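Below you'll find the structure, written out as structure tokens, and then a few comments.
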Amino acid sequence: MAVSQLVGARVQRREDPRLITGHGHYTDDGEPRGCTALQVVRSPHPHALIRSLDTARAVAAPGVLRVLVGADFRAVLRGTMPVTPSFVADKRQVPERFPIADREVVYQGEPVAVVVALSRTAAADAAELVDVDYEPLQAVVDPDRALEADSARTHAGAPDNVCWDVTYTGGDVAAAFAEAEVVIRERIGQQRLAPTAMEPRVVIAEPDPYGGRLTIRLGSQNPHFIRLFVSQALGMAETQVRVVSRDVGGGFGCKISPYPEDYLVPAAARLLGRPVRWVETRSEAMVGTSHGRGQVYDVEVAAKRDGTLLGMRLTQILDVGAYCGTFGAFQAVAVYMAPGAYRWRGVEGRTVGVLTNKVPTDPYRGAGRPEGTHLVERMVDRLAGELGMDPAEVRRRNFAEAFPFTNPFGLVYDSGDYGRTLARALDLVDYPALRHRQAALRLQGRYLGIGLSTYVEICGLGPSAATAAATGGIALVEGAQVRVFPTGSVAVYVGTHAQGQGHDTTFAQIAAATLGIPIEQVELHHGDTDEGTGFGYGTYGSRSLSVGGMAIRGATIKVVEKARRLAAHLLEADEADVIFEGGRFAVRGSPAASRSFAEVALAAYGPDLPHGMEQGLEAVHYFDPANFVWPFGAHVCVAEVDAETGQVTIDRYVAVDDCGTVVNPMIVDGQIQGGIAQGIAQALFEEVVYDPDSGQLRTGTLLDYLVPTMSELPVPELSRTVTPSPINALGVKGVGEAGTIAASAAVINAVSDALQPFGIRHVDMPASPDRLWRLIQEARRP
């Protein structure tokens, strides 16, 4: 393949041969010599005081090396786990979270002790022998009830259960509602979700008794931030701690933030002076890994009878869980994204973070963007139903059209053509014919629904001016280092880290295209804090390509510029006359006078250099975008509901997305397909359920928590438009979360549309057969 064609080409994923043949290297695939096993003893209660903790029987068990409790860890760990300002800087209360509880437990699954033994079975057996005497306390489960003055407290002695309560206003909301000819109201739920990444969390810590260093191996989206947080807690310099994350079997946001085990395992390794490994079981993941969503929205929309949107008021009740997650408050960005792709006179959004005795919530694929999209898309459909208008027409009438477009909260959308993606999606499903078919089926007693979702998302985190305050002073830029070897092969080091997105392929495409070399000559390095750039800012918020990819491009351009100067010297030409095309430097007008990139690379290590030039050919570049990037699209779901069973069958799912310039269409398609699967999973299947009285987790295994398989999912029909972003030179936007952001609204709009003949206006997620059957039965009652 010609180098010039690399960007935009369907290059096969370079990482796939080793991954699909079982040759990936995940954290649990290897262990240091003499490694021990750690087992966490977890609270079975959602809320209790620890009266006493007796480890004597566990210490005496075969193979046990040590049993550690809170007092042991307080001797080696400083401070508490971090909470960033993340979107809501002014929080009313942030309960301190030490990695292990020693006085009060506030969620089922919170660590109270650890056992370190010679084997995992010995550690697990001994953990059963740790005797903990608990005094159970009333669990706070329902966020609405938690806000009442007489509610029990999530943390004993706390003034209330409010983590934050902030209102944001954009535009003239009062005037918008005063002008309204119709106002509709709805309560919209976003159930709790368990990320259920294919690879559970694993942490291995290996101390170096001679060099004083510590190596931590784990699957993480954020190795450099893990090093930052854990080194501070251990009182070690960042240079003394190495974090290594090789292949990661899925993250979806749940592997961004540090967990208690990320501190406990390294601390135990230092206390014992030998390697320690902890492997999470799937049951532990349900009570130990952060959950997503867990929100309720009270929304009202003001409009004219011709379908013109005027104003919106909303309140987000966000179930924070027992502690505010490191980036948990970022989910409140749903308020800022509630305006969606539409024009409004004014929008007012209140976000209330509520503490409950549950697993803490943190970002999960989309993190605030799916929630904001879901509520606005549901309300547009509700308005269309109230007015007797076609939901597609209401959308067309209110789309933002002139770009850059500023939404009521001051966010500037970089580029877009929302009408074009909707038009293409409607054409693909043959929308008029589909509506005729729907009407015909209703005469037969069959209930077909058509759901639209026209979304826009904020991603590409992020501009330093906008994000530094939210991260405690660290700007979410990204760095890359490009190092050219004498033979012309290239090593690229970047701070973003893959969990299945195909970085090894797309990043290599960018580097190879810029340097004019075959992609096979580019080797990508990421996930090891000892390699490359001094600090990497991680992978989340669909930022890898638009920020990390642009850092790679910037570093390769610097390499080309140095090589151009050297080529001019070798060709005895003025630098301004030297052009670089197709991997060769040539003198303009004299193509015979040229040098290949490999020839110039070799010369960079020789003695014949321009005055003042140093040997070597490498560069570092940090990219700080001027704005976020704003992908968008239109999805259409066609679904039938069986009125006798409540079963939903998705007949078709069509997605038209626009993520700007596409580097690799195959990878873009894969990202969208995966995102749609997770969005459908939320809409129809998945839900973390706690007992409303006891606070005990009811969905503690995959027998109870329904993750759909391919048998339950449709094969989506994909198309795209291309509207380049003006924010970066390649015009790229993000795509990793797009499918998830659009899908839940498309599916629930389809289900609600199908049930319209029964007078059912809204359906919450998951739209399970049982829930729908009950709604239909209630609607049929006289």
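The values are calculated or read from the model by the stated rules, or taken from the named source; none is laboratory data. In this text, all values refer to a predicted model and were calculated from it rather than measured experimentally. All Cβ positions, even for glycine, are placed from backbone atoms using ideal geometry, and neighbour counts span all protein chains on display. With ligands, DNA and RNA removed, areas are computed over all heavy atoms of the protein, side chains included. Shrake-Rupley method; radii C 1.70, N 1.55, O 1.52, S 1.80 Å.
Annotations
- Contact order relative to length of segment 541-683, as percent, for alpha carbon pairs under 8 angstrom and 6 or more apart: 18
- Using θ = phi - 60° in the Karplus curve 6.51 cos²θ - 1.76 cosθ + 1.60, the 3J(HN,Hα) couplings for segment 578-583 round to 8, 10, 10, 9, x, x Hz; x is entered for Gly and Pro.
- The chain, relative contact order [Cα under 8 Å, separation at least 6], %: 16
- Rg(Cα)/(2.2 N^0.38 Å) for segment 53-209, N = residue count: 1.51
- Quotient of Cα Rg and 2.2 N^0.38 Å for segment 258-342, N being how many residues it contains: 1.78
- Under the combined filter of DSSP loop state and at most 16 neighbouring Cβ atoms within 10 Å, segment 368-465 retains these trypsin sites (Lys or Arg not before Pro): R446.
- Per-residue 3J(HN,Hα) values for segment 65-75, derived from phi via the Karplus relation 6.51 cos²θ - 1.76 cosθ + 1.60 with θ = phi - 60°, read 9, 6, 10, 10, 10, x, 4, 5, 6, 5, 6 Hz in sequence order (x marks Gly and Pro).
- Euclidean distance of C-alpha centroids, segment 679-737 and segment 621-672, integer Å: 11
- Net charge of the neighbourhood of G249, taken over other residues with C-beta under 13 Å away and scored Lys/Arg +1, Asp/Glu -1, is -2.
- Trypsin sites (Lys or Arg not before Pro) restricted to segment 1-104 and DSSP loop, no more than 12 other C-beta within 10 Å: R10, R33, R78, R103
- For V41, residues with placed amide H under 5 Å, excluding near neighbours: V112, A113, V114, V115
- Note on segment 150-233: Cα convex hull, mean projected area over all directions, 12.6 nm².
- Kyte-Doolittle at least 0.0, axis length at least 20 Å by Cα - qualifying DSSP helices, the chain: 550-571, 665-684, 738-754
- Backbone N within segment 750-766 under 16 Å of label point (7 Å from E386 Cα along the Cβ vector): 760-763
- In angstrom, the C-alpha Rg and Dmax of segment 637-782 are 18.1, 63.
- Diffusion coefficient (Stokes-Einstein, Kirkwood radius over C-alpha pairs, 4 °C, 1.567 mPa s) for the chain: 47 µm²/s, rounded to a whole number.
- Accessible area (Å², per residue) of segment 1-53, counting only protein heavy atoms and a probe of 1.4 Å: 58
- Dividing the mean sequence gap of close Cα pairs (under 8 Å, 6+ apart) by how many residues segment 383-535 holds gives a relative contact order of 13 percent.
- Among beta bridges identified by DSSP and lying wholly in the chain, the antiparallel ones come to about 80 percent.
- Accessible solvent surface per residue of segment 736-780, calculated while the other protein chains remain in place, 1.4 angstrom probe, Å²: 32
- Phi to ³J(HN,Hα) by Karplus 6.51 cos²θ - 1.76 cosθ + 1.60 over segment 621-627, Hz, x for Gly, Pro: 9, 10, 10, 10, x, 6, 7
- Per residue value of the accessible surface for segment 87-230 (all protein chains in place, 1.4 Å probe), Å²: 41
- In segment 386-442, the alpha-carbon atoms span a convex hull of 105 Å³ per residue.
- Within the same chain, lysines fewer than 8 places from K733 are excluded, and of the rest, those with a Cα less than 27 Å from its Cα are K255, K558.
- Normalised by 2.2 N^0.38 Å, where N is the number of residues, the alpha-carbon radius of gyration of segment 338-483 equals 1.35.
- Amide hydrogen neighbours beyond the local backbone of D528, cut-off 5 Å, H modeled: S245
- Sites listed here are GluC sites (Glu not before Pro) in segment 620-721 whose DSSP assignment is loop and whose Cβ has at most 14 other Cβ atoms within 10 Å: E644.
- For segment 1-68, the Kirkwood estimate of the hydrodynamic radius, built from every pair of different alpha carbons, is 18.2 Å.
- Distance between modelled label sites at Q12 and R761, nm, 7 Å Cα→Cβ extension: 5.5
- Cut-off under 5 Å, modelled amide H: who pairs with E523 long-range: V490, A491, V492
- Each Lys or Arg adds one and each Asp or Glu takes one away; over the other residues whose Cβ falls under 10 Å from the Cβ of G679, this sums to 0.
- Rolling a 1.4 Å probe over the protein heavy atoms of the chain, with every protein chain left in place, gives an accessible area that is 51 percent carbon and sulfur.
- Sum of side-chain charges, S52 neighbourhood, beta-carbon under 9 Å (Lys, Arg +1; Asp, Glu -1): -2
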